[in-house]
Amino acid sequence: MPEGDTLHRLARKLGPLLVGREVVRVELPRRTDRTEGMIGTTITRVEARGKNLLVHFSNGLALHTHLKMNGSWRVAPAGARAEPGVVALIETKTHTALCFRAPVARLLRIRDIEKDLAFRGLGPDLLGESFDEDEAIRRLLRRAETTLGEALLDQGSIAGIGNVWKSELCFNSKLDPRAPVSRFTEEELRALVRLAREQLGENVAAPRRTRPDPFEPRGAPRTARPMRRAGEGRLSVYERAGERCYDCGAIVEMERRGEAQRSTYWCPGCQPARGLTVEP
């Protein structure tokens, strides 16, 4: 699933192409929303909130998309057709922005965003300009008996971290993702959050960086191991179960936890068990 850095990078790429442009066509092939009223409006803003993308229009509406596991965006010249798999299309006189396979693609009133079910429970956006670190820490600490890995995935704690970054950030912080949040000090959690903001932010600004990036070929790996040595991959533990840790030589392990049974990767040598772990 694209994570917060992917969505912020996407907003940065779509914004200059769309903002300030007059809309000539909007299509939502899988919905019954009437889109005639969108013609002639102006795109005023493109923003990411956690794993959500919002395109704002001058008539007070916004297009909300969530890419989930398989969604992506692509920009083509004006006049492009809605190909199979397109769930949303925005066309200006110069470009056509097409969203593919996203399970969420809908119009909503801008004034209703804050109280909308998809947004009202979001924690602080890790990459947002007004990111509130203290609030993020408070929300993590409220999940005292939740494993650290699951708490980081909970978008109500911090918006933007997904499964890849969960494992990589815990490894980079040398913290056991299987241990409950209560086993860590506030200083440790604060250092992890700062590292997350730093590393995800670097990936937003980098020329190439993600898997998957809606604007770049699939397989271009996310950079979560900036100090890697020759012969090492860009990821330290994610999808490396059974392989030796680059740093200590221990065998990287994986297990599934939580209702969604998301995979968690860690190195038992670099991330020793932190007391009792919460049962799945």
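The values are calculated or read from the model by the stated rules, or taken from the named source; none is laboratory data. Fair warning: this is a prediction, and the values are worked out from it, not measured in the lab. FYI the Cβ positions are ideal-geometry reconstructions off the backbone, even for glycines, and counts take in every protein chain you see. Please note that ligands, DNA and RNA were not included when accessible areas were found on the heavy atoms of the full protein model with its side chains. Shrake-Rupley method; radii C 1.70, N 1.55, O 1.52, S 1.80 Å.
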Only one of (1) of a type in the set (Asp, Glu); (2) open to solvent by 60 Å² or more (accessible area, probe 1.4 Å); (3) within 19 Å of Leu117 (Cβ to Cβ) is not met by Glu22, so which one is it? (3)
Which residues, counting only those in the stretch 212-244, are hydrophobic (A, V, I, L, M, F, W, C), at pLDDT 75 or above and more than 21 Å from Arg262 (Cβ to Cβ)? Met227, Ala230
Hey, Ile113 among the hydrophobic types (A, V, I, L, M, F, W, C) and under 22 Å from the mean Cα position of the chain (by Cα) or not: yes
Assess whether Thr277 counts as being at pLDDT below 80 and of a type in the set (S, T, N, Q). yes
Could you list all residues from the stretch 165-190 that are in contact with a Lys or Arg (Cβ under 6 Å, 6 or more places away or on another chain) and either within 25 Å of Arg49 (Cα to Cα) or among the polar types (S, T, N, Q) (or both)? Val181
Those residues that are touching a helix residue (DSSP H, G or I) at 6+ places or on another chain (Cβ under 8 Å) and farther than 17 Å from Val19 by Cβ, I need them from the stretch 68-106; list them, please. Val104
Taking the stretch 123-156 and keeping only residues that are of a type outside the set (A, V, I, L, M, F, W, C) and closer than 18 Å to Asp176 by Cα, one is left with Arg143, Glu145, Thr146, Thr147, Gly149, Glu150, Asp154
Criterion (under 21 Å from the mean Cα position of the chain (by Cα) and closer than 19 Å to Met69 by Cβ) met by exactly one of Gly201, Gly149, Gly156: Gly149
Out of all the residues in the stretch 97-116, is one or more over 24 Å from Arg197 (Cβ atoms) and aromatic (Phe, Trp, Tyr)? yes
Residues (open to solvent by 10 Å² or more (accessible area, probe 1.4 Å), closer than 16 Å to Glu22 by Cα and under 20 Å from the mean Cα position of the chain (by Cα)) located in the stretch 39-67: Arg45, Val46, His56
For the stretch 41-53, pairs from a residue that is at pLDDT 95 or above and assigned to a strand (DSSP E or B) to a residue that is surrounded by fewer than 23 Cβ atoms within 10 Å (Cβ to Cβ) and among the charged types (D, E, K, R), with Cβ under 6 Å and 6 or more apart or across chains, are Thr42/Glu22; Ile43/Arg21
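Per-residue answers, yes or no, for (1) open to solvent by less than 20 Å² (accessible area, probe 1.4 Å); (2) at pLDDT below 95; (3) more than 20 Å from Leu7 (Cα to Cα); (4) under 18 Å from the mean Cα position of the chain (by Cα):
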site: Leu192; (1), (2), (3), (4): yes, no, yes, yes
site: Glu253; (1), (2), (3), (4): no, no, yes, no
site: Arg257; (1), (2), (3), (4): no, yes, yes, no
site: Pro268; (1), (2), (3), (4): no, no, yes, no
